[in-house]
Amino acid sequence: MKQIFKHAAIAAAISGSCVAAQAQTITLKVHHFLNAQTIQHTAMLRGWCDNIAKDSNNRLQCQIYPSMQLGGTPPQLFDQARDGVADVVWTLPGYTAGRFPKMEVFELPFMMTNAEATSRAAWDYYEKNAQEEFKDVKVLAMHVHGPGNIFTSKKQIKTMADIKGLKLRAPTRLTTKLLASMGATPVGMPVPAVPDALSKGVIDGAVIPYEVGPSIKIDELAHFTAEPDRSSPALYTTVFVVPMNRAKYDSLPPDLQKVIDKNSGRELSAFLGKTQAGNDAPGKEKMIAGGHTITVIPKSELENWKKASDSIDDEWVADMNKRGFDGKALLQDAQAMIKKYTK
């Protein structure tokens, strides 16, 4: 009888420990490079964190670290997710030029239609064509921002001739090529470095979407905005990725892995793209309130910009071919996927 009680006690202890393990709260460290007042922090990442908390009965929680509070620089964020410095990050693949070449296709000039549609396309394209580039992490989302503009401190841009010789900040390799094709001197840098570079005259302006402008004081540091006609495809956009540390994901109980899976993929990508682009309108209002002169670049002038940058698509296709991929097929895939989701 004592033996039976002993076995029962052991079984109860094991069962109790399993229940305790199941009920244990797991806090994910989420890291990004923008400040805590940005929509990326307050709505995009916080929204994702709130959803996984709700779906896990609060067993999954987040601690979000803005402004590189866990250390390092924006280009190091992807490796921080890979190496476990953070559990989840929000960053740009393009901050490490040439490392994720297949996903660059969405950063080609005049590719994007709108951020929500293009973000859905970016996810589908990633799943079909680019998983190998991100094999060291679990990718939760791929998305893009709204249409980019050119902000300048001293010179108003009306035509491509006005761009010639300007030192303009570019976020990625292909945007650098775009600006160079139009006669600018591109200067690559992460967005947090823009305010200091503008205030010191290191650059004459920057290409960014409206939404991020106020968070880096573009409304104060620049005075002119060149806004490409919105009825045309965007001048440029940038791809963002939300990678999760694979070991952290693998360590989660199966039911919590399902929570992460539910809150990943095409719909998360679309939400992030739509939310970020949705902040363009208030961003533009702050530019206007700051006294910006906004010049809408008409379609007729944009045709000159398109002609100047036409070769960038061909160069990207040739680069993919050299890497052993079918560059033309990849480009056509991205274009077809964007068209599929664009209403």
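Below, the figures for the structure above:
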| read-out | value |
| --- | --- |
| Search result, residues across the stretch 182-194 that are within 19 Å of GLN156 (Cα to Cα) and in a helix (DSSP H, G or I) | VAL194 |
| Matching residues, the stretch 257-293, being of a type in the set (A, V, I, L, M) and touching a residue at least 60 places away in the same chain (Cβ under 8 Å) | VAL259, ILE260, LEU268, ALA270, LEU272, ALA277, ALA281, MET287, ALA289 |
| Qualifying residue in the stretch 238-252 (condition: charged (D, E, K, R), outside the structural domain of LEU77 (by TED's automatic domain parsing) and on the phi < 0 side of the Ramachandran plot) | no |
| The listed residue being touching a strand residue (DSSP E or B) at 6+ places or on another chain (Cβ under 7 Å), surrounded by 22 or more Cβ atoms within 10 Å (Cβ to Cβ) and assigned by TED's automatic domain parsing to the domain that holds VAL259, out of ALA115, ALA122, ALA81, ALA53 | ALA81 |
| Checking GLY273 against (1) under 14 Å from the mean Cα position of the chain (by Cα); (2) outside the structural domain of LYS54 (by TED's automatic domain parsing), the condition it does not meet | (2) |
| Residue match in the stretch 271-287 (condition: of a type in the set (Lys, Arg) and over 22 Å from THR225 (Cβ atoms)) | yes |
| Among the candidates LYS128, LYS138, residue that is modelled with pLDDT of 95 or more, of a type in the set (D, E, K, R), surrounded by fewer than 22 Cβ atoms within 10 Å (Cβ to Cβ) and outside any helix (DSSP H, G or I) | LYS138 |
| Residues located in the stretch 256-280, provided they are surrounded by 20 or more Cβ atoms within 10 Å (Cβ to Cβ) and hydrophobic (A, V, I, L, M, F, W, C) | VAL259, ILE260, LEU268, ALA270, PHE271, LEU272, ALA277 |
| Output for the stretch 199-218, where each listed residue is under 22 Å from the mean Cα position of the chain (by Cα), not in a strand (DSSP E or B) and not basic (Lys, Arg) | TYR210, GLU211, VAL212, GLY213, PRO214, SER215, ILE216, ILE218 |
| Residue that is surrounded by the most Cβ atoms within 10 Å (Cβ to Cβ), among those in the stretch 198-221 that are touching a residue at least 40 places away in the same chain (Cβ under 8 Å), out of contact with any Gly (no Cβ under 6 Å at 6 or more places or on another chain) and aliphatic (A, V, I, L, M) | ALA206 |
| One residue from THR172, THR152 being closer than 28 Å to PRO243 by Cβ and crowded, with 20+ Cβ neighbours inside 10 Å | THR172 |
| Test result for ILE294, assigned by TED's automatic domain parsing to the domain that holds THR175, within 25 Å of the chain's Cα centre (by Cα) and among the β-branched types (Val, Ile, Thr) | no |
| First in the stretch 123-134 and in contact (Cβ under 8 Å) with a residue 60 or more places away in the chain, second anywhere and assigned to a helix (DSSP H, G or I) and of a type in the set (Ser, Thr, Tyr), Cβ under 8 Å, 6 or more apart | TRP123/SER269; PHE134/TYR126 |
| Selection within the stretch 141-156 - hydroxyl-bearing (Ser, Thr, Tyr) and part of a strand (DSSP E or B) | THR152 |
| Filtered residue count, the stretch 71-120, keeping only those that are part of a loop (DSSP other than H, G, I, E, B) and in contact with an Asp or Glu (Cβ under 7 Å, 6 or more places away or on another chain) | 2 |
| Criterion: in a loop (DSSP other than H, G, I, E, B), at pLDDT 95 or above and small (Gly, Ala, Ser) - qualifying residue of ALA43, ALA53, ALA36 | ALA36 |
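The values are calculated or read from the model by the stated rules, or taken from the named source; none is laboratory data. None of the values given here were measured: they were computed from a predicted structure. Neighbour counts run over all protein chains shown; Cβ positions are idealised from the backbone, glycine included.
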